[in-house]
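Asks: Pasting a structure here, questions to come.
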Amino acid sequence: MAAGDVVASGDRLLVLAAMKMEYALTAPRDGVIADVACLPGDAVGDAALLIRLEAADDS
């Protein structure tokens, strides 16, 4: 995913690896990726901003 990409509800945004498990994070609604705040392989903390999604009608 990159800033400006249009996504639909349920689209996979990223895969988060934690505790030797992988978790697919999906879009909760239709929208546009406004910002990607991490890179593949980054270590992120609890409650870290990963992707900012704007509602489709806000863009």
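No value in this document is a laboratory result; all are computed from the given coordinates. Quantities reported herein were computed from a predicted structural model and do not represent experimental measurements. Neighbour counts run over all protein chains shown; Cβ positions are idealised from the backbone, glycine included.
Asks: List every residue whose amide H lies under 5 Å from the amide H of L13, counting only residues 5 or more places away in sequence or on a different chain, with H placed 1.01 Å from N in the peptide plane.
Replies: Here the answer is L25, T26, A27, since their amide H atoms fall under 5 Å of that of L13.
Asks: For the stretch 11-21, in order, what is each residue's ³J(HN,Hα) by Karplus, 6.51 cos²θ - 1.76 cosθ + 1.60 with θ = phi - 60°, in whole Hz (x at glycine and Pro)?
Replies: My calculation for the stretch 11-21 gives 5, 6, 8, 6, 10, 9, 9, 8, 6, 6, 10 Hz in order.
Asks: Taking the Cα centre of the chain as origin, sum charge times position over the Cβ atoms of Lys and Arg (+1) and Asp and Glu (-1), and report the length of that vector in debye to the nearest 20.
Replies: Working: 4 positive and 10 negative charges, 51 e Å.
The calculation lands at about 240 debye.
Asks: Collect residues whose amide H, placed 1.01 Å from N in the peptide plane, falls under 5 Å from the amide H of D30; neighbours closer than 5 in sequence don't count.
Replies: For D30, the qualifying residues are S9.
Asks: Scan around D5 for amide H atoms under 5 Å from its own, H built in the peptide plane at 1.01 Å from N, and keep only partners 5 or more places away or cross-chain.
Replies: Distant-sequence amide H within range of D5: I33.
Asks: Would you indicate which of (i) 26, 41, 23, 9, 1; (ii) 23, 46, 22, 9, 0; (iii) 23, 53, 22, 2 is the value of P(r) over Cα pairs in 10 Å bins from 0, in percent derived from the coordinates of this structure?
Replies: For P(r) over Cα pairs in 10 Å bins from 0, in percent, the calculated option is (iii).
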